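What follows is a short report on a single structure.
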Amino acid sequence: MAFVDTFRYEYKCFGPDISLKALEMRLQGLMNRDQNVGPDGSYLVRSIYFDSFDDRFLLENINGVDPREKFRIRSYNRDSSRISLELKRRERGKIGKKSELLDKEEFDALIFGNYDFNEKDGFLLKRLKALHKSELVSPKVMVEYRRWAYTYPVGNVRVTFDRMISASSEIGRFFEEDSRSRPVLRAGMSLMEIKFDWALPDFINDALYNEELSPSTFSKYYLCRRFQRNIVRLPE
């Protein structure tokens with residue numbers, strides 16, 4: 001069964017923000033800014049990640065299981081009028097994503113543990129409810145960061161720079177401005193992600209070259225779970 005519609009390539013790299021800012025400056029004359037950014041060129045991303053009682057999704061990420069997947073709820077700029085439930089699936093080096101919109105009542109039901117509500121005909125929502133019954137899948141952590149994003153139409157290329165990545169256990173305060181969170185990267189570090197459908201144009205690839213940076217396989221979800229208490233011991 002196909003859980004997602006399309007797959008694309010995705011590469012990520014953690015590095016010193018000063019190095020990633022230099023790459024971002026190179027891209028500004030080559031790619032378009034994402035149309036959703038604010039006056040400062042960024043927007044706020046918040047996600048709530050789900051996992052099973054025994055942290056199956058997390059352990060699959062650590063062990064490099066292929067294929068593997070994870071569920072999350074996402075919003076932008078703390079806007080409660082557009083909430084999406086998303087499934088990300090990694091398979092043979094590529095990433096697929098499927099999403100469905102939730103209304104506020106469905107969001108509240110999932111976050112506060114009421115899985116008995118009557119949902120609309122959504123594949124993801126039904127599957128998440130089934131996973132809750134079989135593996136006690138539930139919300140685990142809230143992830144927040146600011147994103148600077150650039151796009152290029154040929155190959156559907158998207159390069160993003162995620163800064164101020166933080167984790168919070170205050171999942172019930174998802175839309176509140178003053179919810180408490182904790183940075184998960186060392187000071188001065190941030191994340192670059194490169195996504196494309198079938199090919200990365202040479203001029204973008206050349207602009208992003210930096211021999212001091214190397215790809216990473218760990219996700220923001222993994223990084224944020226490392227800072228929670230009462231969890232399986234994770235590798236440093």
For this session: For the chain, evaluate the Debye formula with one uniform point scatterer on each Cα (no solvent term) and list log10 I(q)/I(0) at q = 0.09, 0.12, 0.14 Å⁻¹, rounded to two decimals.
Result: -0.38, -0.70, -0.98
Exercise. Are any of the pairs K70/K195; K12/K104; K126/K220 more than 27 Å apart by Cα-Cα distance, and if so, which?
Worked result: K12/K104
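Given only helices, namely DSSP H runs of n ≥ 4 each adding -39500 (n - 2.57), what is the per-residue ellipticity at 222 nm of the chain, to the nearest 500 deg cm²/dmol?
-6000 deg cm²/dmol
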Problem set entry | Spherically averaged projected area in nm², based on the convex hull that wraps the Cα atoms of segment 34-148 | 8.0
Seminar exercise, completed: Residue separation between F203 and V37 times 0.36 nm, minus their alpha-carbon distance, gives in nm 57.4 nm
Seminar exercise, completed: Under 5 Å from the placed amide H of V141, counting only residues 5+ away or on other chains, we find Y49
For this session: Report the extension gain between N114 and E211 in nm, rounded to one decimal, defined as 0.36 nm multiplied by the number of residues separating them, less their alpha carbon distance.
Result: 30.0 nm
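Taking 0.36 nm per residue of separation and subtracting the Cα-Cα distance, what length does fully extending D103 through N156 add?
16.2 nm
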Seminar exercise, completed: Burial-style ranking of 160-170, 98-108, average other-beta-carbon count within 10 Å with highest first, yields 160-170, 98-108
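Taking K and R as +1 and D and E as -1, what net charge do the other residues with C-beta under 13 Å from the C-beta of S134 add up to?
Here the count lands on +3.
Read-outs: derived from the displayed coordinates by stated rules, not from any lab. Computed from a prediction, not measured in an experiment: that's the story for all the values here. As a convention, Cβ positions derive from the backbone with ideal geometry for all residues, glycine included, and neighbour counts pool all protein chains shown.
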